[in-house]
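In what follows, a single structure is set out as structure tokens and then discussed.
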There are 2 protein chains.
Amino acid sequence: MAPGMDSVDEALSSSAGRPRLSGLLASASDEVLLLGLTPPRRSASSAEAAQIAAVTLARLDGLDLDGLVLYDIDDESDRNPEQRPFPYLPTIDPAVFHGTFLSAWQKPVVVYRCVGKYPEDALSGWLCDIEPGQVLSVFVGSSSSEKPVHTTLEEAHALRDKLRPELMLGAVTITERYSRRGDEHLRMLAKQARGCSFFISQVVYDVDATKSLISDYFYACTDRGLPPRPIIFTLSVCGSLKTLAFLKWLGVDVPRWLENSLQRSPDPLADSFQHCVTNARILIDFCRNLQMPFGFNVESVSIRKAEIEASVLLAKEIRTMLR
Amino acid sequence: MAPGMDSVDEALSSSAGRPRLSGLLASASDEVLLLGLTPPRRSASSAEAAQIAAVTLARLDGLDLDGLVLYDIDDESDRNPEQRPFPYLPTIDPAVFHGTFLSAWQKPVVVYRCVGKYPEDALSGWLCDIEPGQVLSVFVGSSSSEKPVHTTLEEAHALRDKLRPELMLGAVTITERYSRRGDEHLRMLAKQARGCSFFISQVVYDVDATKSLISDYFYACTDRGLPPRPIIFTLSVCGSLKTLAFLKWLGVDVPRWLENSLQRSPDPLADSFQHCVTNARILIDFCRNLQMPFGFNVESVSIRKAEIEASVLLAKEIRTMLR
């Protein structure tokens, strides 16, 4: 290898020899696998957070992930007047969790940013600190138009363009918004025009509507001569009726037949696992057939151990299905 | 075989050795295959109608059908202010078509009756004339609540109960009504309580919503200790954009991804055929898993030759998938 190529290689390849996440997403030709994590609650001590990080990384050992997604949890109770099935607990800043407790994680992370939570100088400080090869981000707007925000999505994009244009930025896409308003694919195009180069979906249970969203997005791109950007589908198992209630509270459309099936199942976690595998299969076949770039992000919306462990098994299963 | 068993055997078995349709539907344990036909237009001469019947029966030769469905076409333009993509043409009465032109057809027929079209004495005359072992019926109510009717659905049911209680009666079920109002499964229960012992769906393109309808119906039955009655899913290929427009005019929900796919396909008929096979597979797996009795009715909503021939091939393909 010629001298000087090392650094290029380092930027594009992970230790396992797969190109780095930003390379995968930039080329939009590979099928990406991520795992989504919620940082520990803010009340955890440093020792507790370190312990959680160690247990988590041990769980992920042997999973050939392309990266982690670190969520930025916001109190979205303004969005839904119903009682939240799991209580809202403030969590450690995902960038802090990454920097302080996940140093053993060598691969990229996608740091979510609910930008409305942060004053501009806090966002600027973080933007200046990050290492763009290692960190990607998804900016999330406010959960409701009434909620007061420190920084709008537009302002956050302008800051990134000014301070860190090389930061690879993704955006959220929501099937349920497509089902209600029918224009989510156009919102995706607008986000793409603002510099977003990939999308991460909310938890997908309504696969048929998701196929329609992808189809409309794909053809809207091709009709405009734009290359479609990768969509990373988020899957989460649902191991109990409480988790099902939480998914619905979060605004996830669970098809009625699937809800009935989980409600009447003697083992909802095992059934839900199988449904997630089936859903992944349907989305993989659909995207490959359309030549739509895609990937998966596996998370557990519940913090129950059985569901977290099942999500790791699900990621393992999905890796065998991806190219 | 003991003397006297012949007639029982004749009543329950077709020439091919499969039990007769009414037996299949009564036992609700078999998977039924029907083919739906629209009678020739009323302006056809007797010679033309006979010729159409002969061509049709020749097409069906070798198909192991359990019966035919003969539609009673009504002018439903009151239901939809948009222009009907195919013009409405009055058609021969399905019972007349059966009695006069389909005498070579030895198996049962399901005669649709848009009951609002007929005065009570006309319905009574037909009811007295039919041979219940050979003929089943589906009573269809008015296409809109404003439309004046000669006989209501309730009156038609009362007539049948009085004159021909042994006539096996089915009812229509509509996924799109379930999607809009959410109570179609309860309407099915009400129809069951009025004596309907099977259901024939409108053309199914929205398979996911249909699964939800079946699921809600199945569990509504089991929660009440009622045996679920068979649902016969109607499938129709869609070979052109005009047929697609007609399906939508008829009120069929075509998932957006499927609509996009057909609109952009170089061969919508072949693609639609494959989608119908896939949809049949999904419905078969779902119903078997739930232990929900079911069957299929294959029709062509278009009168184009290529689509009619494809519907016969589709019925042939589905027969290989059924037990």
Next on the checklist: Please list, ordered by chain and number, the residues whose modelled amide H lies under 5 Å from the amide H of B:Thr91; skip anything fewer than 5 residues away on the same chain.
Outcome noted: B:Arg42, B:Ile73
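As an exercise, find the ratio Rg/Rh for the protein assembly as shown from alpha-carbon atoms, using the Kirkwood inverse-distance average for Rh.
Using Cα coordinates only, the ratio equals 1.06.
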Item to check | Summed side-chain charge close to A:Pro255 - residues other than A:Pro255 whose Cβ falls under 10 Å, Lys, Arg +1, Asp, Glu -1 | outcome: -3
Item to check | Within region B:35-146: Cβ-based charge dipole about Cα centre, in debye rounded to nearest 20 (Lys, Arg +1; Asp, Glu -1) | outcome: 280
Next on the checklist: Could you give each residue of region B:41-49 its phi-based ³J(HN,Hα) in whole Hz, using Karplus coefficients 6.51, -1.76, 1.60 with θ = phi - 60°, and x for Gly or Pro?
Outcome noted: 5, 5, 7, 5, 6, 4, 5, 5, 4
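Between beta-carbons, use under 13 Å as the cut-off and find the net charge around B:Asn289, counting Lys and Arg +1, Asp and Glu -1.
+2
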Checklist entry - Counting only DSSP beta bridges with both residues in chain A, what percent are antiparallel, rounded to the nearest 5? => result 5
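Given DSSP loops and a limit of at most 13 other Cβ atoms within 10 Å, what is the longest stretch of chain B that contains no such GluC sites (Glu not before Pro)?
Details: sites that count: B:Glu82, B:Glu146, B:Glu166.
In short, B:167-323.
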Checklist entry - Around A:Leu37, which amide H atoms from residues at least 5 apart in sequence, or from another chain, sit under 5 Å from its own amide H, with H modelled in the peptide plane? => result A:Val69, A:Leu70, A:Tyr71
Checklist entry - For the charge dipole of chain A, defined by +1 on Lys and Arg C-beta atoms and -1 on Asp and Glu C-beta atoms about the Cα centroid, which residue among A:Pro132, A:Phe286, A:Leu167 has the Cα displaced farthest towards the positive pole? => result A:Phe286
Checklist outcome for this item: With one decimal in nm and the nearest listed first, the spacings from A:Gln291 to its own position in the other copies, using label points 7 Å along Cα-to-Cβ, are 4.8
Next on the checklist: Consider the operator that turns chain A into chain B: which A residue has a Cβ nearest its axis, and what is that gap in Å?
Outcome noted: A:Asp208, 2
Next on the checklist: If you average the C-alpha positions of region B:237-277 and of region A:60-120 separately, how far apart do those two centres end up, in angstrom?
Outcome noted: 42
Next on the checklist: Relative contact order for region A:66-164: what percent, with Cα pairs under 8 Å and sequence separation of 6 or more?
Outcome noted: 32
Checklist outcome for this item: Residues whose modelled amide H sits under 5 Å from the amide H of A:Ile200, counting only those 5 or more places away in sequence or on another chain, are A:Ala171, A:Val172, A:Thr173, A:Ile232
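Taking only C-alpha pairs under 8 Å that are 6+ residues apart, what is the relative contact order of region B:136-265 in percent?
Numbers: 141 pairs, mean separation 28.7, N = 130.
Relative contact order of region B:136-265: 22 percent.
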Checklist outcome for this item: Karplus ³J(HN,Hα) for region A:229-238 (6.51 cos²θ - 1.76 cosθ + 1.60, θ = phi - 60°; Hz, whole; x = Gly/Pro) runs 8, x, 10, 9, 7, 8, 10, 9, 5, 9
Checklist entry - Near B:Lys248, which lysines are there with a Cα under 25 Å away, not counting those fewer than 8 places off in the same chain? => result A:Lys211, B:Lys117, B:Lys147, B:Lys211, B:Lys305
Next on the checklist: Once you keep just the Cα pairs under 8 angstrom separated by 6 or more residues, what percentage relative contact order results for chain B?
Outcome noted: 19
Checklist entry - Taking the label point as lying 7 angstrom from Cα along the Cα-to-Cβ axis, what are the distances from B:Asp75 to the corresponding position in the remaining copies, in ascending order and in nanometres? => result 6.4
Item to check | Residue-wise HN-Hα coupling along region B:263-279, computed from phi with Karplus coefficients 6.51, -1.76, 1.60 (Hz; x: Gly, Pro) | outcome: 5, 9, 7, x, 9, x, 5, 5, 5, 5, 4, 5, 4, 4, 5, 4, 4
Next on the checklist: 7 Å along Cα→Cβ for the label point: how many nanometres lie between A:Leu186 and each equivalent label in the other copies, listed shortest first?
Outcome noted: 3.6
Checklist entry - Once chain A is represented by equal point scatterers at the alpha-carbon sites, with solvent omitted, what log10 I(q)/I(0) does the Debye formula produce at q = 0.09, 0.11 Å⁻¹? => result -0.44, -0.68
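Values in this text are rule-based calculations from the coordinates and carry no lab data. Because the structure is predicted, anything quoted here is derived from the model rather than measured. No Cβ is skipped: glycine too gets one built from the backbone with ideal geometry, and neighbour counts run over all protein chains shown.
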